[in-house]
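Before any comments, here is the structure.
The values are calculated or read from the model by the stated rules, or taken from the named source; none is laboratory data. All values reported here derive from a predicted model rather than from experimental measurement. All Cβ positions, glycine included, derive from the backbone under ideal geometry; neighbour counts span all protein chains shown.
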């Protein structure tokens with residue numbers, strides 16, 4: 001019984017963390033849209049069956065699909081490698097930095113697929129991925 005309770009708490013905690021960062025991302029995105037006077041439409045699927053948390057219609061009329069992943073403690077992400085890579089499908093990773101804040105990384109699905117294939121469905125945020133670090137959310141509005 002205690003084992004099941006711990007497992008449920010871990011699952012709930014993971015889901016809660018994921019939703020928290022999805023909303024945090026949305027807040028940062030809208031803040032950037034307001035500051036830069038850029039209008040985009042953001043859609044959220046009712047069910048996350050296809051690994052899409054948000055769809056953004058950009059000013060040019062193109063669309064971007066986003067999957068957001070977050071980790072409170074570890075900088076290691078385990079991802080099911082069965083997704084279909086496509087040019088407009090991005091992963092957004094949040095992980096805690098050494099200063100107690102969070103860093104955000106944006107990688108296209110093709111890059112994530114390549115990393116996962118080499119590292120058995122694990123993606124570790126480390127020095128080689130620093131070039132994908134998001135310094136300005138404007139990059140999500142100019143794809």
Selection from the range 25-60 of residues at pLDDT below 90 and under 20 Å from residue 95 (Cα atoms) yields 51
Scanning the range 68-85 residue by residue, those free of Cβ contacts under 8 Å to residues at least 40 places away in the same chain, touching a strand residue (DSSP E or B) at 6+ places or on another chain (Cβ under 8 Å) and closer than 18 Å to residue 45 by Cβ turn out to be 83
Those residues of the range 82-102 which are surrounded by 15 or more Cβ atoms within 10 Å (Cβ to Cβ) and part of a loop (DSSP other than H, G, I, E, B) amount to 83, 88
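For (1) at pLDDT 90 or above; (2) surrounded by fewer than 11 Cβ atoms within 10 Å (Cβ to Cβ), each residue gets a yes or a no:
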{"residue": "62", "(1), (2)": "yes, no"}
{"residue": "70", "(1), (2)": "no, no"}
{"residue": "80", "(1), (2)": "no, yes"}
{"residue": "107", "(1), (2)": "yes, no"}
{"residue": "113", "(1), (2)": "no, no"}
{"residue": "119", "(1), (2)": "no, no"}
{"residue": "124", "(1), (2)": "no, no"}
{"residue": "128", "(1), (2)": "no, yes"}
